[in-house]
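Read through the structure below, which is laid out as structure tokens, and then see the notes.
The values are calculated or read from the model by the stated rules, or taken from the named source; none is laboratory data. This is a predicted model, so every value here is computed, not measured. Don't worry about glycine lacking a Cβ; one is built from the backbone with ideal geometry, like all the others, and counts go over all protein chains shown.
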């Protein structure tokens, strides 16, 4: 049986380790999730204890609230279009550092923030680190194009399902006013190739496959492993 307390401790260690990357003067993208929440909390402590002074750009309502509660100064991409660093969570990461995100329906904004950063770091526990991606790919779609996108994703071999609200009737609506479809492709042998096929579908706003991860802070029961993307 999995040791839940040990896993929670590992998440905290990884999240707090990533917080050490943030230096005064930086502009930092702040992601969402139980592990990166520890990053945000630790950054709040460093502001009080060490006088750390930086700007944060949250990727979700949850991250924004936690950042405000932690005393982090917030800004926008309009004011700071180039970020020094983005730290986020993940639904799944494969051994080649391809990532699936979007369980919180914020992957479009998360991808914009990650793409605006000079350095993109994911914090995750080891249950999300897999040889190959198998997680359903979240796809944000224009409501007007829902049926077309559904058909095209099916033609690509996926099994798309419209994500429905848990506490409301009808579909989940993103912060951008769109629908989310979760497309199950089984084991994804070629994440970059699949991403290239999903992106041009008319009506697709953004999908949840990320290929720009620089470093993974992986929380294990014994501590934190830092895995960096191989270059060249």
Within the range 34-68, can you find the residues that are assigned to a loop (DSSP other than H, G, I, E, B) and either touching a helix residue (DSSP H, G or I) at 6+ places or on another chain (Cβ under 9 Å) or not assigned by TED's automatic domain parsing to the domain that holds residue 121 (or both)?
34, 35, 52, 53, 54, 59, 60
Here are 79, 60: which of them is over 12 Å from residue 210 (Cβ atoms) and in contact (Cβ under 8 Å) with a residue 24 or more places away in the chain?
60
Is it the case, given these coordinates, that residue 15 is assigned to a strand (DSSP E or B), in contact (Cβ under 8 Å) with a residue 60 or more places away in the chain and buried (at least 19 other Cβ atoms within 10 Å of the Cβ)?
no
Would you say residue 51 is touching a residue at least 12 places away in the same chain (Cβ under 8 Å) and out of contact with any strand residue (DSSP E or B) (no Cβ under 7 Å at 6 or more places or on another chain)?
yes
Taking the range 111-139 on its own, how many of its residues are modelled with pLDDT of 95 or more and in a helix (DSSP H, G or I)?
5
Which numbered condition residue 149 misses (of (1) assigned to a helix (DSSP H, G or I); (2) in the same structural domain as residue 32 (by TED's automatic domain parsing)):
(2)
Mind checking which residues of the range 190-232 are in contact with a strand residue (DSSP E or B) (Cβ under 9 Å, 6 or more places away or on another chain), surrounded by fewer than 20 Cβ atoms within 10 Å (Cβ to Cβ) and not in a strand (DSSP E or B)?
192, 195, 199, 201, 203, 211, 212, 214, 229
In the list 89, 71, which residue meets the criterion of being in the same structural domain as residue 55 (by TED's automatic domain parsing), farther than 17 Å from residue 29 by Cβ and in contact with a helix residue (DSSP H, G or I) (Cβ under 6 Å, 6 or more places away or on another chain)?
71
Does the range 19-33 contain any residue that is out of contact with any strand residue (DSSP E or B) (no Cβ under 6 Å at 6 or more places or on another chain), farther than 27 Å from residue 81 by Cβ and at pLDDT below 95?
no
